[in-house]
1. Among the numbered criteria (1) surrounded by fewer than 24 Cβ atoms within 10 Å (Cβ to Cβ); (2) modelled with pLDDT of 95 or more; (3) more than 14 Å from chain B (Cβ to nearest Cβ), which single criterion is violated by A:VAL348?
2. So B:LEU363 ticks every box in (1) in contact with a Lys or Arg (Cβ under 7 Å, 6 or more places away or on another chain); (2) surrounded by fewer than 21 Cβ atoms within 10 Å (Cβ to Cβ) but one. Which box is left unticked?
3. Could you please find all residues in the stretch A:53-80 being without any contact (Cβ under 8 Å) to a residue 12 or more places away in the chain, open to solvent by 10 Å² or more (accessible area, probe 1.4 Å), assigned to a helix (DSSP H, G or I) and not basic (Lys, Arg)?
4. Suppose we keep only residues that are touching a strand residue (DSSP E or B) at 6+ places or on another chain (Cβ under 7 Å), within 14 Å of chain A (Cβ to nearest Cβ) and hydrophobic (A, V, I, L, M, F, W, C) within the stretch B:91-123. Which one would you say is surrounded by the fewest Cβ atoms within 10 Å (Cβ to Cβ)?
5. Filter the stretch A:81-93 down to residues that are more than 7 Å from every other protein chain (Cβ to nearest Cβ) and touching a Pro at 6+ places or on another chain (Cβ under 6 Å) and give me whichever is surrounded by the most Cβ atoms within 10 Å (Cβ to Cβ).
6. Just to check your reading of the model, which residue among B:ASP223, B:ASP278, B:ASP238, B:ASP217 is of a type in the set (Asp, Glu), in contact (Cβ under 8 Å) with a residue 60 or more places away in the chain and more than 13 Å from every other protein chain (Cβ to nearest Cβ)?
7. Which residues, counting only those in the stretch B:303-324, are within 8 Å of chain A (Cβ to nearest Cβ) and open to solvent by 10 Å² or more (accessible area, probe 1.4 Å)?
8. Mind checking whether some residue in the stretch A:215-235 is open to solvent by less than 30 Å² (accessible area, probe 1.4 Å), in a helix (DSSP H, G or I) and of a type in the set (Val, Ile, Thr)?
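The values are calculated or read from the model by the stated rules, or taken from the named source; none is laboratory data. Computed from a predicted structure; not experimentally measured. Using ideal geometry, Cβ is built from the backbone for each residue, glycine included, and neighbour counts are taken over all protein chains shown. Calculation scope for accessible area: heavy atoms of the full protein, side chains included, ligands and nucleic acids excluded. Shrake-Rupley method; radii C 1.70, N 1.55, O 1.52, S 1.80 Å.
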Amino acid sequence: MALLSKLATNEQHGENSPYFDGWKAYDNDPFHLVNNPNGVIQMGLAENQLSFDLIEEWIKRNPKASICTTEGMESFRTIANFQDYHGLPEFRSAIAKFMEKTRGSRVKFDPERVVMAGGATGANETLMFCLADPGDAFLVPSPYYPGFNRDLRWRTGVQLLPISCKSSNSFKITIEALKEAYENAQQANVKVKGLILTNPSNPLGTTLDRDTLKNLLTFTNEHNIHLVCDEIYATTVFDAPQFVSIAEIITNDEVTNRCINKDLVHIVYSLSKDMGFPGFRVGIVYSFNDDVVNCARKMSSFGLVSTQTQHIIAAMLSDDEFVEEFLIESAKRLRKRHEKFTGGLEEVGIKCLKSNAGLFCWMDLRPLLKEPTHDGEVTLWKLIINDVKLNVSPGSSFNCPETGWFRVCFANIDDQTVDIALVRIRMFVDGNNDVKENGVAKEKQHWKRSNLRLSFSNGKYDENVMSLNMMSPNSPIPHSPLVRARN
Amino acid sequence: MGFISGNNKKLLSKIATNDGHGENSAYFDGWKAYENDPFHLTQNPNGVIQMGLAENQLCFDLIQEWVVNNPKASICTSEGAQDFKDIAIFQDYHGLPEFRKAVSRFMEKVRGDRVTFDPERIVMSGGATGAIETLTFCLADPGDAFLVPTPYYPAFDRDLRWRTRVQLYPVVCESSNNFKVTKEALEDAYEKAQESNIRVKGLLINNPSNPLGTVLDRETLKDILRFINDKNIHLVCDEIYAATAFSQPSFISIAEVKEEVVGCNENLVHIIYSLSKDLGFPGFRVGIIYSYNDVVVNIARKMSSFGLVSTQTQRLIASMLSDDIFVENFIAKSSVRLSQRHGLFTKGLAQVGINTLKSNAGLFFWMDLRRLLKEPTFEDELDLWHIIINEVKLNVSPGCSFHCSEPGWFRVCFANMDDETMRVALRRIRHFVLKENKGLEVASKKQCRRNKLEISLSFRRLDDFMNSPFMNSPHSPMSSPMVQART
């Protein structure tokens with residue numbers, strides 16, 4: 001009899017992907033401005049580190065928000081003892097209010113529908129458990145966040161069917177592509193239970209326009225399937241067009257309000273990106289379906305938010321003045337950083353998909369590919385890791401249907417590091433141009449195009465599977481994205 | 001969970017529409033009574049006293065003192081705020097190294113330093129609730145079964161079965177030998193399961209036991225280890241009440257005994273732990289999986305992404321539990337206070353002829369009210385229970401909710417209230433029992449006002465619940481045990 005479960009021995013957790021290589025390189029040689037200026041710069045982590053000063057300042061001014069300060073201590077016992085899965089009422093109110101503010105107060109959220117989860121990771125999984133049976137499928141526009149493979153599928157047994165989006169129309173989700181994906185599923189006898197999308201998009205950094213959202217909603221409604229909107233990047237919108245939440249569409253539009261079955265609409269949220277608090281594991285399920293709220297709430301017992309954290313978040317997000325100031329300043333800094341980085345790339349002829357949100361940009365390196373294939377992309381990626389010494393994320397890890405695209409994160413490093421990254425990219429591109437110009441392999445003065453240290457067999461990841469790193473509980477790769485709850 | 005609309009039955013998953021969450025049980029009545037009329041020493045001295053919640057509230061003074069004296073443990077104090085950012089962005093599912101060290105050190109101390117724990121095997125989960133579910137996902141496939149000795153903690157039904165689709169198969173324990181877990185009972189259960197074509201993957205034990213409050217002796221633990229090795233099935237030991245052992249015999253962890261069984265396959269042994277009972281921190285959701293099986297550690301760690309401990313809390317706990325002097329003092333004082341509280345109650349009850357199972361651990365005792373039953377049936381047990389709730393005004397938990405094989409036993413929690421309340425509770429029980437004693441002597445029908453039950457209950461007819469407004473609304477106003485992550 002097999003000792004462990006099938007879940008424990010399949011590879012649906014998604015960590016046996018070549019994606020790891022970039023992380024190994026980073027962990028072996030992490031960049032540090034002073035101590036290791038030639039190390040690998042981490043640009044594969046979608047973290048928001050730009051506005052912590054504002055938060056730290058607020059913390060210092062509000063000692064009562066913590067149960068560990070002398071001012072807040074009297075609440076320690078009640079808070080430590082409170083395990084009601086509804087969560088602290090003030091926490092739910094504060095989250096609902098924050099969600100309203102990040103949507104420009106254009107829509108209201110009901111605190112009674114705010115349900116906790118173990119990060120957005122837990123929220124997405126919980127929704128799948130509520131909405132689909134093993135073998136059922138959810139459609140997902142690609143490119144999409146790699147963690148979905150694990151979060152949506154692993155323990156739930158649900159399948160993911162990608163909807164290909166193309167660069168020719170800026171990776172927009174078209175109804176044609178949606179219909180095609182749906183029909184293919186029907187023909188293969190796969191039951192589609194819903195559509196899940198991330199808006200603003202990871203990895204694209206774009207927001208969905210009102211019409212697209214309406215069309216998607218019409219489609220799901222007509223086919224009586226669910227629509228799950230992961231709005232985890234809602235507050236990272238730094239430029240026009242304005243972010244439009246699915247909540248606005250179904251609440252504010254009279255026609256939609258009347259015709260759409262709200263029982264099919266669900267939102268996933270979290271504070272990991274907007275506030276920069278991935279460690280706090282504040283995941284939220286917000287459903288317009290009463291039974292789903294009820295069920296998800298019962299399931300939240302498997303991943304509640306620590307009341308210590310609920311308490312401080314409740315205080316922080318109830319401070320209207322702070323929240324408003326934070327939202328404005330955070331957007332400003334993201335825009336500035338985005339401009340600086342994409343501007344620097346443009347100067348060396350690298351284009352990024354036009355984006356107005358997210359903590360990353362979607363870089364077009366198709367011109368640099370030796371061949372427009374998966375192998376070509378991987379080769380280029382390894383070059384970037386090992387020679388340019390930047391850990392960026394290849395489009396293939398996002399299931400991108402086209403090769404040559406890379407996601408580059410820019411909000412987890414300081415200005416100086418950004419400058420250095422841009423210099424390195426410039427040097428790499430120039431070096432590459434030299435080769436192209438002369439048509440022959442030219443001795444690279446600036447780059448030692450060393451033999452790739454990591455060998456890679458196309459599609460076969462046996463090495464990784466068998467490697468001791470994978471088997472040992474003492475994984476020596478502490479900072480890789482996959483050991484992170486979300487990246 | 002209440003009424004689910006016809007459309008939702010089709011729209012949602014099977015998991016969302018079955019009763020696997022366990023909340024449709026008669027158990028709710030006691031909670032409704034408590035919620036409607038909660039005891040308060042001064043404001044509502046005739047209200048229902050909550051004795052159905054296994055919480056440890058006896059030592060918060062010690063904890064609060066420590067917290068006030070150690071401001072650096074919090075990232076929200078002026079002393080600790082400099083670490084706010086690093087802690088808030090840390091999302092590595094290995095957890096803070098200092099957290100893992102501190103937890104393993106604490107586990108060692110609780111076991112009198114008789115065994116060592118490896119911090120590298122410490123895996124986080126969403127409370128013990130999440131730990132049980134995660135281990136089940138790792139060890140068993142849908143349809144497989146775990147054996148569980150009765151009586152057992154009610155929420156095992158949900159934690160072990162609901163989303164995992166694993167079955168629970170009881171190992172019947174009887175009062176005739178103080179509910180010991182015998183070799184015969186184990187073999188019997190295993191065989192019966194085999195006969196029913198049920199594939200047994202493991203045995204789950206709770207030591208110290210909830211609801212019994214007893215600890216397993218060395219021989220029983222060895223027998224259990226031999227049994228599981230013989231059948232090549234897993235052993236999951238939920239040791240959540242480890243530090244609540246307040247008198248002899250001392251608590252013996254499976255970690256101590258496994259070395260003593262020749263040929264014991266360590267890959268079959270797993271421990272669950274949490275800080276919810278020992279420290280009284282159920283709100284902080286600190287669940288731990290400790291497995292001797294490397295693959296299980298690895299996989300459980302990947303699954304922990306669905307329910308990590310907030311780093312804010314990891315940091316506080318790491319500091320607190322690294323303080324050896326505090327920990328030793330806490331464990332000692334907590335034992336003394338639990339022992340005193342337990343002694344007061346059980347002696348007080350003995351004086352009026354109420355026996356309790358001899359116990360030396362836990363936050364409750366197992367009360368024997370068999371002689372107050374008219375007939376030894378579960379119907380009578382529930383009738384008696386309703387009298388206790390509505391007339392004696394104590395919310396205690398009936399044995400049937402713990403799947404006890406014999407009617408007439410009740411679990412009574414004693415560590416979640418102050419001394420005054422405890423005295424009131426004791427008075428009420430004694431008063432009731434003395435009255436019952438008189439009534440039992442007289443064979444007349446005037447003994448109890450049983451016909452004045454405020455809530456009539458037909459055992460197992462759950463229509464009342466199904467139609468109750470509480471059940472339908474996602475906004476359950478109750479802080480009943482089922483909305484608590486764990487009771």
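1. Against the list (1) surrounded by fewer than 24 Cβ atoms within 10 Å (Cβ to Cβ); (2) modelled with pLDDT of 95 or more; (3) more than 14 Å from chain B (Cβ to nearest Cβ), A:VAL348 comes up short only on (2).
2. Condition (2) is where B:LEU363 drops out.
3. Answer for the stretch A:53-80, where residues must be without any contact (Cβ under 8 Å) to a residue 12 or more places away in the chain, open to solvent by 10 Å² or more (accessible area, probe 1.4 Å), assigned to a helix (DSSP H, G or I) and not basic (Lys, Arg): A:ASP53, A:GLU56, A:GLU57, A:PRO63, A:MET73, A:GLU74, A:THR78.
4. So, considering only residues that are touching a strand residue (DSSP E or B) at 6+ places or on another chain (Cβ under 7 Å), within 14 Å of chain A (Cβ to nearest Cβ) and hydrophobic (A, V, I, L, M, F, W, C), the one surrounded by the fewest Cβ atoms within 10 Å (Cβ to Cβ) is B:PHE117.
5. If we filter the stretch A:81-93 for residues that are more than 7 Å from every other protein chain (Cβ to nearest Cβ), which is where we start, we get A:87-93.
Restricting the remaining residues to those that are touching a Pro at 6+ places or on another chain (Cβ under 6 Å) gives A:92-93.
Details: A:ARG92: 22, A:SER93: 17.
Once the filter is applied, the top-ranked residue is A:ARG92.
6. B:ASP238
7. Scanning the stretch B:303-324 gives B:PHE306, B:LEU308.
8. Within the stretch A:215-235 (the criterion being open to solvent by less than 30 Å² (accessible area, probe 1.4 Å), in a helix (DSSP H, G or I) and of a type in the set (Val, Ile, Thr)), the answer is yes, since at least one residue qualifies.
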